[in-house]
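All of the numbers you see were taken from the coordinates with simple rules; none came from a lab. In this text the structure is predicted, and so the values were computed from the model without any measurement. Note: ideal-geometry Cβ built from the backbone for every residue, glycine included; neighbour counts use all protein chains shown.
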Amino acid sequence: MSLVENVARNDAESPAVAARTSDASGRIRTELSALFGRLKAAQQKSGAPDYDARIHHLNKLERGVLARKHDIAKVLGLDFGNRSKHESFIAEVMLVLNEIKHARTHLHEWMETDPREVSWMFMPARAEVIMQPLGVVGVISPWNYPVQLALAPLVGALAAGNRVLLKPSELAPNTANLLNELVRETFAEDHVAVVTGGVDVAEAFSHLPFDHLVFTGSACLGKIVMKAAAENLVPVTLELGGKSPAIVGEGYSVAQAAQKVMMGKCFNAGQTCIAPDYVLVPKGRADAFAEECRAAFKEMYPTVTENPDYTSIINNLHYERLQSYLKEARDHGAKLVELSTESPNPSARKMPPVLVMNAQEGSLVMQEEIFGPILPIVTYESMGDAIEYVNRRPHPLALYLFEYDHSRIDRVLRETISGGVSVNETMLHIAQTDLPFGGIGPSGMGQYHAREGFETFTKKKSVFYQSRINSTGLLKPPYRSRIDFMLKFLLGK
Ligand code: NAD
């Protein structure tokens with residue numbers, strides 16, 4: 001694909017540069033439209049793939065991912081500086097393969113036509129819902145799990161019989177190129193294609209008249225993407241982020257809670273949409289919790305800078321962003337608790353985790369999604385207060401509760417709203433192939449994974465079959481006494 005690595009950037013303001021920039025964005029739009037047109041034409045010509053064809057597509061993707069699994073870990077290492085190989089295998093390769101297996105196992109049942117009731121008035125007609133692919137699906141994915149977040153939506157879209165255009169993040173360029181190669185080796189170019197390039201390409205991509213668009217990224221860009229999609233009334237699934245709380249129940253072991261919270265916080269160095277963002281602990285137990293976090297971190301990561309298991313921050317900008325959160329919190333009187341004796345290493349972008357105690361409500365760590373190894377600890381007096389604290393904030397993507405008492409678990413589930421929940425665990429609800437995944441409100445809209453993913457990419461089309469012998473002639477004018485009689489019978493006088 002000739003798109004679009006060396007397109008002029010919008011970084012100068014002279015008329016000549018502005019004209020060149022406008023030429024460049026015109027060219028991007030033209031090339032993207034042509035590419036989209038090829039997928040659309042192929043879809044209109046070939047119609048919906050049958051069950052066998054869809055299984056074949058899923059099998060091809062599975063073989064492609066397996067064949068490239070070591071390359072995947074390698075390019076992720078290049079993009080992050082250091083990305084734990086095990087995290088790449090678990091969260092990128094294994095998760096996608098599990099999605100494929102689940103879709104393959106259930107595809108027959110998902111594709112089945114669904115017979116529906118017909119009221120006695122219309123009998124002996126029939127009604128049913130048939131499952132039809134939407135057409136061409138667009139996927140815009142972020143850098144933090146750049147393989148999983150491009151290929152997991154692809155699994156759902158292919159299972160549902162669609163063609164797909166992917167636009168991976170420019171912040172993980174080696175992975176984007178590998179995805180491009182993998183897709184080219186695996187699929188016909190009018191079936192699945194990858195578009196690489198920068199923000200200008202992503203922006204133009206979001207204006208294409210897709211049959212559905214999946215965007216995974218920040219809420220701020222989610223709004224821009226939704227606006228662009230609205231121009232063509234393109235339905236969107238927005239997979240966004242936010243501040244996901246962890247609540248430690250009063251009777252729960254702080255040691256066990258700290259181990260689980262630190263596992264979730266340190267995986268990918270906290271650069272996970274569903275990482276616990278902050279933790280609510282019962283009043284009087286914050287110091288004990290902090291000490292258990294230190295012990296849990298030391299056990300998992302005896303060293304930091306030289307440790308291949310501890311992932312780097314993706315780039316200098318994000319590293320600086322995280323450091324500035326800490327500085328601001330400290331300047332406003334928060335206590336910072338460093339969990340490692342090693343200092344942060346800016347050149348390797350390795351940042352050991354830091355707990356933030358007594359942060360001010362308006363500080364960046366309490367307002368912004370952290371997306372890195374910083375963990376504010378907030379104390380609460382009663383479970384009711386903890387629930388109220390969560391509910392005063394935008395609905396989170398995930399909520400974690402450490403609690404064994406069933407009535408308290410039920411209460412938190414009933415009284416809080418979030419995209420998903422793990423009880424006595426962090427993050428593992430996303431790994432359950434039979435659970436849908438998605439946020440609510442500011443943390444997202446729509447969902448994929450599992451059957452709900454198939455449904456997101458499927459038109460459930462209502463069909464009514466009239467029978468040869470029927471009584472609907474009664475419903476047309478001129479209306480006579482028989483219809484009056486029937487209406488009286490149905491509606492009363
Ligand atoms: P981002 O919003 O900065 O970028 C996401 C994607 O948007 C990138 O591929 C980028 O190329 C594209 N983009 C940039 N400008 C655009 C424009 N004008 N129009 C259309 N697309 C544009 O997000 P990020 O930094 O890559 O990822 C971090 C965010 O993503 C966090 O908020 C995190 O919580 C969220 N996230 C959510 C999930 C989820 O499944 N809910 C998963 C991972 C990350």
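Worth a mention:
- Calculation over all alpha carbon pairs of region 213-360 in 5 angstrom steps from 0 returns a P(r) of 2, 9, 15, 19, 18, 14, 9, 7, 4, 2, 1 percent.
- The share of Cα pairs per 5 Å bin across region 147-189, counted from zero up to the longest distance, runs 5, 21, 32, 27, 12, 3 percent.
- Sequentially through region 399-406, phi angles give Karplus couplings (6.51, -1.76, 1.60; θ = phi - 60°) of 9, 10, 10, 10, 6, 9, 6, 5 Hz, Gly and Pro residues having no value and appearing as x.
- Reachable lysines from Lys350, criterion Cα separation under 19 angstrom, eight or more residues apart if same chain: Lys74, Lys85, Lys265, Lys298, Lys327
- Square roots of five times the Cα gyration tensor eigenvalues for region 27-165, Å: 35, 20, 13
- Relative to the longest principal axis of the Cα atoms of the chain, the long axis of helix 95-111 lies at roughly 20 degrees.
- Euclidean distance between Cα centres, region 263-279 to region 336-374, Å: 12
- When the square roots of the Cα gyration tensor eigenvalues are ordered a ≥ b ≥ c, the ratio a/c for region 373-438 is 1.5 or more and a/b exceeds b/c, which makes its shape prolate.
- Beta bridge orientation in the chain: antiparallel %, DSSP, nearest 5: 35
- Relative contact order of the chain, defined on C-alpha pairs under 8 angstrom at six or more residues apart (%): 18
- Convex hull per residue volume in Å³, alpha carbons only, for region 275-400: 115
- For the peptides 284-292, 445-453, 403-411, the ranking by mean Cβ contacts within 10 Å, running from highest to lowest, is 445-453, 284-292, 403-411.
- Computed over region 167-216, Cα set: Rg, Dmax in Å: 11.2, 29
- The chain: angle of helix 173-186 to the longest principal axis, Cα-based, in degrees nearest 10: 40
- Spatial offset of region 435-493 relative to region 91-166 amounts to 21 Å, using the alpha carbon center of each.
- The Cα-based radius of gyration of region 438-493, divided by its Kirkwood radius, gives an Rg/Rh of 1.37.
- Debye equation applied to the C-alpha atoms of region 103-163, log10 I(q)/I(0) at 0.20, 0.22, 0.28, 0.29 Å⁻¹: -0.83, -0.91, -1.12, -1.15
- For the chain, calculated [θ]222 nm from helices alone, where every DSSP H run of n ≥ 4 adds -39500 (n - 2.57): -13500 deg cm²/dmol
- More than 16 Å apart - percent of Cα-Cα pairs taken over region 185-254: 61
- Cα principal axis extents for region 361-493, largest first, Å: 75, 36, 32
- Relative to the current alpha-carbon distance between Asp434 and Asn391, full extension at 0.36 nm per residue lengthens the span by 12.7 nm.
- With Cα atoms, 0 to 90° folded angle of helix 254-266 axis to the chain main axis: 70
- Evaluated at q = 0.21 Å⁻¹: base-10 log I(q)/I(0), Debye formula over Cα of region 365-404: -0.86
- Segment Glu381..Asn316, full-extension length gain: 19.5 nm, with 0.36 nm per residue of separation and the alpha-carbon distance subtracted.
- Scoring 57-70, 150-163, 313-326 by mean Cβ neighbours within 10 Å over their residues and listing the highest first yields 150-163, 313-326, 57-70.
- Across the chain, the fraction of Cα-Cα pairs farther apart than 42 Å, rounded to a whole number, is 27%.
- Whichever lysines have a C-alpha closer than 19 Å to that of Lys283, once near sequence neighbours (fewer than 8 apart) are set aside: Lys335
- Working ranking of peptides 336-348, 193-205 by packing, defined as the average number of other Cβ atoms within 10 Å per residue, highest first, is 193-205, 336-348.
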